[in-house]
Amino acid sequence: MISRWVWRAGWLLLPVAWLLHRFVHDDAIVFFVACASLIPLAKAMGDATEGLAERMGPAVGSLLNATFGNAAELILGVAALRHGHLDLVKGSITGSILANLLLVGGGSIVTGGVRFSQLRFNRLAASSSIATLFLAVVAMVVPTLLSLGRNPRYDPALLSEEISAVLIAMYALSLWFGLRTHREHMAALDDGPPAPAKRARTAHHRPIWYDLGGLLVAAAATAVASELLVDALNGAVTTLQLPETFVGVVIVAIVGNAAEHSTALLFAQRGDMDVALGIAWESSKQIALLVAPVLVFVGILLGVPMDLAFTRFEVVALGISVIALALIALDGETNWLEGAFLLAVYAVLGLGFFFGG
Amino acid sequence: MISRWVWRAGWLLLPVAWLLHRFVHDDAIVFFVACASLIPLAKAMGDATEGLAERMGPAVGSLLNATFGNAAELILGVAALRHGHLDLVKGSITGSILANLLLVGGGSIVTGGVRFSQLRFNRLAASSSIATLFLAVVAMVVPTLLSLGRNPRYDPALLSEEISAVLIAMYALSLWFGLRTHREHMAALDDGPPAPAKRARTAHHRPIWYDLGGLLVAAAATAVASELLVDALNGAVTTLQLPETFVGVVIVAIVGNAAEHSTALLFAQRGDMDVALGIAWESSKQIALLVAPVLVFVGILLGVPMDLAFTRFEVVALGISVIALALIALDGETNWLEGAFLLAVYAVLGLGFFFGG
Amino acid sequence: MISRWVWRAGWLLLPVAWLLHRFVHDDAIVFFVACASLIPLAKAMGDATEGLAERMGPAVGSLLNATFGNAAELILGVAALRHGHLDLVKGSITGSILANLLLVGGGSIVTGGVRFSQLRFNRLAASSSIATLFLAVVAMVVPTLLSLGRNPRYDPALLSEEISAVLIAMYALSLWFGLRTHREHMAALDDGPPAPAKRARTAHHRPIWYDLGGLLVAAAATAVASELLVDALNGAVTTLQLPETFVGVVIVAIVGNAAEHSTALLFAQRGDMDVALGIAWESSKQIALLVAPVLVFVGILLGVPMDLAFTRFEVVALGISVIALALIALDGETNWLEGAFLLAVYAVLGLGFFFGG
């Protein structure tokens, strides 16, 4: 009960951010308060989506979760695109994937692993997540490599659009796989209720307009917070002397995925690794195969040259994180040392981004 | 029966290509007809090799298959080398491996996977194929990396010759492994007859001179078609405004492996994944560990500076495809989503080559 | 018995090296004799450490082994650092890891594999070794990538120190894992005595001062041999026309790990792959996660700019070797072809270093 009130009190951060923006004019402070205000808003959107999802039946519900689960990242991405902050957009995509795979995933494994000496989870879910994430890495390697060379034929916008179409198609296929053809194979090892139902257990006494209204209000508030954040970005980056990519990769990404993090740790503590890791992996897949390509198409509409060419260090970091995940997860079992390994990889990559990766 | 006559009618493409070359002088058309004429010729050489192989008993037979199975690629490669088209030669090596691993492999898995929810295959065959293919990637990474730097000690020809010797030795060892020391472990999961015997079931009423003659005639015809193709290459590349590497990687490679593709899909449809994937993997191994190093040595004889330094994008694409294969195949089971994943990786890499990778 | 006297006779190489240094002044000869003299000294230190370890009980004993097992590499590294031979230090770190994983590991698998058609080993030990080694690769990729760019924020010394702290912490955690929380899971498959005890069976009749004194004397002798070697390095490199990195990666690394190599092969011959591969993997982990970061901190004390930025080729070679190991070892079984594969990868990488990688 207490934690619920803390989350609700978090909504107050948004008006605070706005007041600071209006009257104090210190960009660094506005930036951090706007960042912090995104945490409860992202959680509110996630909760409302799950409340709706539960009411719609499993198929439509999972689709809802799969489409709106990372709505906060999308709204923030659109705001940053509108102001031309491409490095922030790309950085927050990279960072969200890294944070989910290494920080949320590693933290969950350590949390579960200190209580249980061996943790098991569904191998099929692991291997299909890893394969789709590896495709996302390939989709970023190709334009990044081509952008390093000097080839007259290379048209970054066109290539990224075509690759984005492949990614979205693959995301649709992976939903079809999980919800239709291999639904029963992807279920958790114990025959408990599937993950989304478990997570939303508290929601089903609320009327439907409550969730629908909550979703709309939270989305609108997120849009406002995103505007404040992006508006303060230039000033904050100058004051803090941090590269924009680092801000996107580490700060924004951790903030945007804080809600996922706390939920995943909760399930990991009970030893329910299928749900804990499922949250981390589904969120990464959604960012990589849905949010990133949608932002490419939004870029066309806004006339901003958004493509899938990242910095060399971002692509290497993504490749490293997917291979690190494959090394520990493909066998369907893990332990605390492997969780610590993921956290250590995150720490080393984070240091690299700090020093200007 | 009908399909057999279609294949035989395909032989007519060669005289058509020659007539076009002689009287029409449109390089792009000659190029495409010569390409198409290679499809039935490659299949005829493969069939004749298998017919002979079956008659020679399993050991010599498998050796024949393993040596002449990609004779068409070798003949085409020699023709391209003689005209100094190094980019085409290297591109068609890269492309053959990519096409076999991702296109034939992925297509087979999707074909089998839409009928059976889980596909199983021999894990030992998978892991030994993946290891040998990874060695081939290493063999291309090393000269490519060195050729990017400026080192006075670096002698590209000598390095590539020594690496080629290692590759051929490893290919011989992998044959020894499959045919001698671990023959029974490599057999298909069900106790059916081994793969080559299955594929050649229709052949054993023909007299031996039929296959021997067929092999020689098809090889000679392939040499003629290769000459026509290579001769028309410069003109075709200019007309179509395509980079030579793309022509090698995508067009020539798909044409040269069309026969393997159709056979593999046939077996995949029956759920016989050991044969279907075996065709794709054996063909890749043969190109990487036999055809490529033999072409290096042929280059010495012809005085052409053929080495194993590829473009950066080619090497990255090969590395990606072997890791993608490892992610899905090391556990000995797969499903349609993993096949779709391989096809999506092929699509993204193909787009990259199109835009000048 | 004979082999023991050969090892002891090897101690004579050190005075020979000193005499050559004093009276002959041929740096190449001094270099090679000093190199050779390191082989028995490294073995003597390893034997003494194990003798002590056995007497201290399993926990302290394993800690001793884990800390002093690669004392020879550390002593040589400090000597090379003092003379500013950074390329040699980094090369010998790279080379020790490569030699252990590919040469010792591959040689052990081939040795065991020619007698037993399938070799099994503890999967948990394999996967935790691979994960920690992959972290070491990441720890070298990050500074190497950053050092290739031109970023004003990049501070190589500070980044390498912070990464070194992460590595040492991870090494401590992996010891805690192996010695405490997952001790019984890491035991060999058969219920024989644990590895260190097996290796030191001959030691337990000797008095404790014998081992303690032996350790000190051997360490002092190693320091002298290292001085001679490093002192002769410049001359030897000029005479032999070999790059310093190659000398470190291949010559020094093979010499420094010769003792591990002979012990591992002995156990592999008996089919005891858990001990054979354990020696190779533990030694690699120790070099990567303890010796390398300790040398970074020693560099600070000596005022030498030692960091973790390696050459591009070294980092690629390390990444390749860890992935090669993962491809064959994650499933907990192997065979001679996979051992030959590791040796072939070593040969190709070695050729690359020879030609100036």
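Results, tabulated for the structure shown:
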| item | result |
| --- | --- |
| Matching residues in the stretch B:144-157 - criterion: being part of a helix (DSSP H, G or I) and either touching a Phe, Trp or Tyr at 6+ places or on another chain (Cβ under 8 Å) or basic (K, R) (or both) | B:T144, B:L145, B:L146, B:S147 |
| Residue count, the stretch C:334-356 (criterion: within 9 Å of another protein chain (Cβ to nearest Cβ) and either touching a Pro at 6+ places or on another chain (Cβ under 6 Å) or open to solvent by 20 Å² or more (accessible area, probe 1.4 Å) (or both)) | 5 |
| Evaluation of B:S174 against (1) open to solvent by 50 Å² or more (accessible area, probe 1.4 Å); (2) within 24 Å of the chain's Cα centre (by Cα) (one fails), failing number | (1) |
| Answer from C:F68, C:F31, C:F121, C:F134 - the residue that is touching a residue at least 60 places away in the same chain (Cβ under 8 Å), touching a Gly at 6+ places or on another chain (Cβ under 7 Å) and of a type in the set (F, W, Y) | C:F121 |
| Residue among C:S164, C:S160 that is part of a helix (DSSP H, G or I), open to solvent by less than 30 Å² (accessible area, probe 1.4 Å), in contact with an Asp or Glu (Cβ under 8 Å, 6 or more places away or on another chain) and at pLDDT 75 or above | C:S160 |
| Of the criteria (1) more than 26 Å from B:A326 (Cα to Cα); (2) among the hydroxyl-bearing types (S, T, Y); (3) crowded, with 24+ Cβ neighbours inside 10 Å, which one A:T94 fails | (1) |
| Test: residue in the stretch B:291-307 that is free of Cβ contacts under 8 Å to residues at least 12 places away in the same chain, surrounded by fewer than 24 Cβ atoms within 10 Å (Cβ to Cβ) and within 13 Å of B:G107 (Cα to Cα) | no |
| Qualifying residue in the stretch C:189-199 (condition: assigned to a helix (DSSP H, G or I), over 18 Å from the mean Cα position of the chain (by Cα) and modelled with pLDDT under 90) | yes |
| Residues being facing chain B (nearest Cβ under 7 Å) and without any contact (Cβ under 8 Å) to a residue 12 or more places away in the chain - total across the stretch C:308-333 | 2 |
| Where C:K90 falls short, out of the listed (1) touching a Phe, Trp or Tyr at 6+ places or on another chain (Cβ under 8 Å); (2) over 12 Å from C:V291 (Cβ atoms) | (2) |
| Qualifying positions in the stretch A:98-130 - of a type in the set (A, V, I, L, M, F, W, C) and within 26 Å of A:T245 (Cα to Cα) | A:L98, A:A99, A:L101, A:L102, A:L103, A:V104, A:I130 |
| Single match in B:R120, B:R153, B:R115 (criterion: open to solvent by 30 Å² or more (accessible area, probe 1.4 Å), in contact with a strand residue (DSSP E or B) (Cβ under 6 Å, 6 or more places away or on another chain) and basic (K, R)) | B:R120 |
| Top-ranked residue of the stretch B:200-224 - restricted to ones that are open to solvent by 30 Å² or more (accessible area, probe 1.4 Å) and in a loop (DSSP other than H, G, I, E, B), ranked as modelled with the highest pLDDT | B:P207 |
| Residue that is nearest to B:G332 (Cα to Cα) [pool: residues in the stretch B:259-270 that are open to solvent by less than 30 Å² (accessible area, probe 1.4 Å) and over 14 Å from the mean Cα position of the chain (by Cα)] | B:A268 |
| Residue among A:A28, A:A53, A:A48, A:A9 that alone is closer than 17 Å to A:G214 by Cα and either charged (D, E, K, R) or surrounded by fewer than 22 Cβ atoms within 10 Å (Cβ to Cβ) (or both) | A:A9 |
| Filter pass, A:T245 being of a type in the set (S, T, Y) and surrounded by fewer than 24 Cβ atoms within 10 Å (Cβ to Cβ) | yes |
| Criterion (out of contact with any Cys (no Cβ under 8 Å at 6 or more places or on another chain), over 17 Å from B:A340 (Cβ atoms) and of a type in the set (G, A, S)) met by exactly one of A:S117, A:S174, A:S128 | A:S117 |
| Residue list for the stretch C:119-177, restricted to those being more than 8 Å from chain A (Cβ to nearest Cβ) and basic (K, R) | C:R120, C:R150 |
| Any hit, the stretch C:71-81, residues being outside any helix (DSSP H, G or I), surrounded by 20 or more Cβ atoms within 10 Å (Cβ to Cβ) and in contact (Cβ under 8 Å) with a residue 12 or more places away in the chain | no |
| In the stretch B:12-25, the residues that are free of Cβ contacts under 8 Å to residues at least 24 places away in the same chain and open to solvent by 50 Å² or more (accessible area, probe 1.4 Å) | B:L12, B:P15, B:V16, B:L19, B:R22, B:F23, B:V24, B:H25 |
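Yes/no matrix, rows are residues, columns are (1) assigned to a helix (DSSP H, G or I); (2) in contact with a Lys or Arg (Cβ under 7 Å, 6 or more places away or on another chain); (3) closer than 26 Å to C:A139 by Cβ:
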| position | (1), (2), (3) |
| --- | --- |
| A:V252 | yes, no, yes |
| A:L266 | yes, no, no |
| A:W281 | yes, no, yes |
| A:L289 | yes, no, no |
| A:L295 | yes, no, no |
| A:A309 | no, no, no |
| A:S321 | yes, no, yes |
| A:A326 | yes, no, yes |
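The values are calculated or read from the model by the stated rules, or taken from the named source; none is laboratory data. Quantities reported herein were computed from a predicted structural model and do not represent experimental measurements. Note: ideal-geometry Cβ built from the backbone for every residue, glycine included; neighbour counts use all protein chains shown. When the accessible area is computed, the model is the full protein with side chains, heavy atoms only, and any ligands, DNA or RNA have been set aside. Shrake-Rupley method; radii C 1.70, N 1.55, O 1.52, S 1.80 Å.
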